[in-house]
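What follows is one structure encoded as structure tokens, with my remarks underneath.
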């Protein structure tokens, strides 16, 4: 046992961080290239691959090693369609109250803005727009992906369960990308947790909470590539006591 | 130090009816000469912002909001799409502490 540990330490020390300005290594390249896939082939992802991916999620770090996740794999196309239909119906219903862009109704806009204040994460302008698009069926929910992985958390875990699920999911997503599979995070499945039918069928009840889902499949086209995006400010308290902001 | 919201900003929510004033939509530039009309960008768009008109991709200028994810730029095999403008929300939902757009950098 002791010899084994020593050997692994020696192996570890052979790996060195890159020099300044060096080319990206494989892992960095993988991370930068991953884009969400929203157009999938009909071909189903074999069970062994999905199992292999879920294994990467299992070894994600979590607070207190509590592993507060629960994954539900749905490969039944009829069930995916049914879930999509129900979410679309939910979005349509929500739009009847808050979609102020159809017609002239000042009360609707007022209600919408009040709701946006009360549920600022759920009704941020971007999901707000997506709600309308999904209701009008201009935007798919899981984009025809053959496999959907629904992610639940255990509410009783230490720390913030959503963070742990996020970390596990990102492991899975990056591993999937390394196999050439396409993935897309879809949190618009959350209305399912409000429907008794799906709560029963998916087994969502205390202490489980539905958080998000991942669409998985073989992408059509090559969605991957480097892109440009805005930098964000990083506040930096340096070793010599100075302060700077870097971008 | 982090940027914060002023009270005035916190009281107001962006309206999609006031494009330009409350919200500046993201935008991409599609080169019609390079576009082959394969439609991959239409499918890749998370906001349904791109449409095919006469075998050429085109950006809708009205509601569906481009949130400048650049998935269309990445998927285009012809390199016909370029990011032109990034989404800006100007009141309560304003993005804070943002810098200039950059591709992945090697420090």
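Return a yes/no flag: does segment B:15-22 have any residue that is farther than 20 Å from residue A:222 by Cβ and not in a loop (DSSP other than H, G, I, E, B).
Within segment B:15-22, the first condition is being farther than 20 Å from residue A:222 by Cβ, and the residues that meet it are B:15-22.
Subsequent filtering for residues that are not in a loop (DSSP other than H, G, I, E, B) retains B:19.
Yes.
Anything in segment A:125-156 that is assigned to a loop (DSSP other than H, G, I, E, B) and modelled with pLDDT under 90? List them, or say none. Listed by number, the residues that qualify are A:136, A:137, A:138, A:139, A:140. Taking the numbered list (1) without any contact (Cβ under 8 Å) to a residue 60 or more places away in the chain; (2) surrounded by fewer than 17 Cβ atoms within 10 Å (Cβ to Cβ) in turn, residue A:226 passes all entries but (1). Checking each residue in segment A:95-114 for being surrounded by 15 or more Cβ atoms within 10 Å (Cβ to Cβ) and out of contact with any helix residue (DSSP H, G or I) (no Cβ under 6 Å at 6 or more places or on another chain) picks out A:101, A:108, A:109, A:113.
Where in segment B:27-107 are the strands (runs of 3 or more DSSP E), entirely inside, with at least 2 residues that are within 11 Å of another protein chain (Cβ to nearest Cβ) and either surrounded by fewer than 20 Cβ atoms within 10 Å (Cβ to Cβ) or over 14 Å from the mean Cα position of the chain (by Cα) (or both)?
Working: elements: B:27-30, B:50-53, B:56-59, B:81-85, B:98-102.
The strands (runs of 3 or more DSSP E) meeting that bar are B:81-85, B:98-102.
Conditions tested, residue by residue: (1) within 12 Å of chain B (Cβ to nearest Cβ); (2) closer than 21 Å to residue A:209 by Cα; (3) out of contact with any strand residue (DSSP E or B) (no Cβ under 8 Å at 6 or more places or on another chain); (4) touching a residue at least 24 places away in the same chain (Cβ under 8 Å).
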{"position": "A:99", "(1), (2), (3), (4)": "yes, no, yes, yes"}
{"position": "A:102", "(1), (2), (3), (4)": "yes, no, yes, no"}
{"position": "A:108", "(1), (2), (3), (4)": "yes, no, yes, no"}
{"position": "A:111", "(1), (2), (3), (4)": "yes, no, yes, no"}
{"position": "A:118", "(1), (2), (3), (4)": "yes, yes, yes, no"}
{"position": "A:133", "(1), (2), (3), (4)": "yes, no, yes, no"}
{"position": "A:149", "(1), (2), (3), (4)": "no, yes, no, yes"}
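Whenever a residue of segment A:20-34 is facing chain B (nearest Cβ under 9 Å), its partners that are surrounded by fewer than 13 Cβ atoms within 10 Å (Cβ to Cβ), lying with C-beta atoms within less than 7 angstrom and at least six residues away or across chains, give the pairs A:20/B:107; A:21/B:106; A:22/B:106; A:24/B:106. Scan (1) at pLDDT below 95; (2) surrounded by 11 or more Cβ atoms within 10 Å (Cβ to Cβ); (3) over 24 Å from residue A:224 (Cβ atoms) for the single condition residue A:37 breaks and write down its number. In the conditions (1) at pLDDT below 95; (2) surrounded by 11 or more Cβ atoms within 10 Å (Cβ to Cβ); (3) over 24 Å from residue A:224 (Cβ atoms), residue A:37 misses (3) alone.
The values are calculated or read from the model by the stated rules, or taken from the named source; none is laboratory data. Here the structure is a predicted model, which is why all the values come from computation and not from measurement. Cβ coordinates were reconstructed from backbone atoms using ideal geometry, including for glycine residues, and neighbour counts include every protein chain displayed.
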